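Colleague: Handing you a structure now.
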Amino acid sequence: MIVNRKVLTLDEFTIQQLRNFPHATGELSSLLRDIGLAAKRVNVEVNKAGLVDILGDDGSVNVQGEDVKKLDVFANNQFTGVLQHGISCAGIASEEIDDYIAFEDEVSKHSKYVCLYDPLDGSGNIDVNVSIGTIFGVYKRVTPLGSTASREDFLQAGVQQVAAGYIVYGSSTMLVYATRRGVNGFTLDPSIGEFCLSHPDIKCPDAGNIYSVNHGHFFRYEKGVQDYIQRCQGKTKENGGPYTQRYIGSMVSDVHRNLIKGGIFMYPGTTDKPEGKLRLMYECNPFAFIMEVAGGKATDGKKRILDIVPQKLHQRTPFFVGSKSMMEELELCLNQ
Ligand code: AHM
Ligand code: MG
């Protein structure tokens, strides 16, 4: 069989990108390789989830008060483990861990980056074979190299991310990551165990016709959000519609689809939970970064997500993300 050498692997791609920066140390490429490795291990486990004893609850409750699934624990251990043993990460914070972890070995203390992640997003879908994902954001540490990473390295505004990405364990497994230079998507080729560049330079269409929101909460959304949803429902051919509603309940899959096809994803605050459900540092900042690099927008309904200065690691925020013109129409409704 002739191998198509036009297809770059994740490693080849990141190394090629390095050539644009003669002074780059390669640490970010190395960190992305580590994330790719953890993703492959999680993927193997997700794929055989129905066959082995990995479905269901772990029996514990996380810092958010949610039941922890066995696969959550497995994924968290994989990502934490590879980053700890890699050469580019000074510490991590995870949705599944109460506080950040600063790696104490000498190699890690001299590493440039910290990484924040939700190791397995969409946990509620694990037991029913619906796509789930991993979300991550990478920041350059602000404390001096050689010291132990500290809280200020982790509590940075999203705009400081140097890279962000996600893995979707779907009908195929994909890793998508963004740097300020662009967004690129890699599909896992299971026959060779490599992520291969399949979606170069992803741009989010300026307009789309998909809106994604949990309709079950409709009467607990603020009026502006209700107005926008009703505008979506009322779209016709004459005013850019009709729209279609799609909501998987796994943000990684929902936002991935909307990024590629054009659309808007909303997880607003509700009367009982004004801050909504999603976590700023692990879920919203990475997607806001990716979407902005791809040409879209992300806000909390009032301001740009990436400008929010976090007060705590597990902070929640309302979240609106998607195609530019759809976000602008939403903003009109919210500002009325
Ligand atoms: P999780 O981090 O506990 O998995 O929760 C986040 C997920 C998102 O992927 C998804 O968009 C949202 O929860 C769905 O929540 P809901 O069922 O309230 O609509
Ligand atoms: Mg999550």
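The values are calculated or read from the model by the stated rules, or taken from the named source; none is laboratory data. Quantities reported herein were computed from a predicted structural model and do not represent experimental measurements. Reconstructed Cβ throughout: ideal geometry from the backbone, glycine too, with neighbour counts over all protein chains shown. Only protein heavy atoms, including side chains, enter the accessible area calculation; ligands, DNA and RNA are left aside. Shrake-Rupley method; radii C 1.70, N 1.55, O 1.52, S 1.80 Å.
Colleague: Among residues belonging to the stretch 278-310 that are part of a loop (DSSP other than H, G, I, E, B) and among the basic types (Lys, Arg), point out the one that is most open to solvent (accessible area, probe 1.4 Å).
Modeller: 302
Colleague: Whether any residue in the stretch 188-202 is within 16 Å of ligand 1 (Cβ to nearest atom), open to solvent by less than 30 Å² (accessible area, probe 1.4 Å) and within 25 Å of residue 285 (Cα to Cα) is what I want to check.
Modeller: No, because not a single residue in the stretch 188-202 is within 16 Å of ligand 1 (Cβ to nearest atom), open to solvent by less than 30 Å² (accessible area, probe 1.4 Å) and within 25 Å of residue 285 (Cα to Cα).
Colleague: Looking only at the stretch 110-127, decide whether some residue is within 16 Å of ligand 1 (Cβ to nearest atom), in contact (Cβ under 8 Å) with a residue 12 or more places away in the chain, open to solvent by 20 Å² or more (accessible area, probe 1.4 Å) and aliphatic (A, V, I, L, M).
Modeller: No, the stretch 110-127 contains no residue that is within 16 Å of ligand 1 (Cβ to nearest atom), in contact (Cβ under 8 Å) with a residue 12 or more places away in the chain, open to solvent by 20 Å² or more (accessible area, probe 1.4 Å) and aliphatic (A, V, I, L, M).
Colleague: I've got another one for you. Taking only pairs six or more apart or across chains, which ones have beta-carbon atoms under 7 Å, a first residue in the stretch 230-253 that is not assigned by TED's automatic domain parsing to the domain that holds residue 125, and a second residue that is charged (D, E, K, R) and not in a helix (DSSP H, G or I)?
Modeller: Sorted first by the residue in the stretch 230-253, then by its partner, the pairs are 241/235; 242/235; 243/235; 250/121; 251/121; 252/121.
Colleague: Within 16 Å of ligand 2 (Cβ to nearest atom), crowded, with 21+ Cβ neighbours inside 10 Å and touching a residue at least 40 places away in the same chain (Cβ under 8 Å) - does that describe any residue in the stretch 94-103?
Modeller: Yes, there is a match, as at least one residue in the stretch 94-103 is within 16 Å of ligand 2 (Cβ to nearest atom), crowded, with 21+ Cβ neighbours inside 10 Å and touching a residue at least 40 places away in the same chain (Cβ under 8 Å).
Colleague: In the stretch 213-243, which residue that is more than 16 Å from ligand 1 (Cβ to nearest atom) and in contact with a Phe, Trp or Tyr (Cβ under 8 Å, 6 or more places away or on another chain) is nearest to residue 329 (Cα to Cα)?
Modeller: Applying the filter and picking the extreme gives 232.
Colleague: Within the stretch 74-82, is there a residue that is out of contact with any Phe, Trp or Tyr (no Cβ under 7 Å at 6 or more places or on another chain), at pLDDT below 95 and in a loop (DSSP other than H, G, I, E, B)?
Modeller: No; the residues of the stretch 74-82 include none that is out of contact with any Phe, Trp or Tyr (no Cβ under 7 Å at 6 or more places or on another chain), at pLDDT below 95 and in a loop (DSSP other than H, G, I, E, B).
Colleague: A follow-up question, please. Among the numbered criteria (1) open to solvent by 10 Å² or more (accessible area, probe 1.4 Å); (2) under 25 Å from residue 220 (Cα atoms); (3) assigned to a helix (DSSP H, G or I), which one does residue 269 miss?
Modeller: Among (1) open to solvent by 10 Å² or more (accessible area, probe 1.4 Å); (2) under 25 Å from residue 220 (Cα atoms); (3) assigned to a helix (DSSP H, G or I), residue 269 violates only (3).
Colleague: Only residues that are over 21 Å from the mean Cα position of the chain (by Cα) and at pLDDT below 95: list them for the stretch 129-149, please.
Modeller: None - no residue of the stretch 129-149 is over 21 Å from the mean Cα position of the chain (by Cα) and at pLDDT below 95, so the list stays empty.
Colleague: Limited to the stretch 128-146, what total is found for residues that are under 24 Å from residue 105 (Cβ atoms) and either among the charged types (D, E, K, R) or open to solvent by 40 Å² or more (accessible area, probe 1.4 Å) (or both)?
Modeller: The total comes to 5.
Colleague: Also: Just give me the residues in the stretch 267-310 being out of contact with any Ser or Thr (no Cβ under 6 Å at 6 or more places or on another chain) and farther than 18 Å from residue 157 by Cα, in sequence order.
Modeller: The answer is 267, 268, 269, 270, 271, 272, 273, 274, 276, 277, 294, 295.
Colleague: Of these, 228, 211, which one is modelled with pLDDT of 95 or more, crowded, with 16+ Cβ neighbours inside 10 Å and farther than 21 Å from residue 166 by Cα?
Modeller: Exactly one residue qualifies, and that residue is 228.
Colleague: Which condition breaks for residue 9 when tested against (1) in contact with a Lys or Arg (Cβ under 9 Å, 6 or more places away or on another chain); (2) at pLDDT 95 or above?
Modeller: Exception for residue 9: condition (1).
Colleague: Please list, ordered by first then second residue, the pairs with beta carbon atoms under 6 Å, 6 or more apart or interchain, first in the stretch 146-157 and touching a residue at least 60 places away in the same chain (Cβ under 8 Å) and assigned by TED's automatic domain parsing to the domain that holds residue 102, second part of a loop (DSSP other than H, G, I, E, B) and surrounded by fewer than 16 Cβ atoms within 10 Å (Cβ to Cβ).
Modeller: 153/142; 157/309
Colleague: Moving to a separate point now. Condition test on residue 274, is it open to solvent by 10 Å² or more (accessible area, probe 1.4 Å) and either touching a helix residue (DSSP H, G or I) at 6+ places or on another chain (Cβ under 9 Å) or assigned to a loop (DSSP other than H, G, I, E, B) (or both)?
Modeller: Yes, satisfied.
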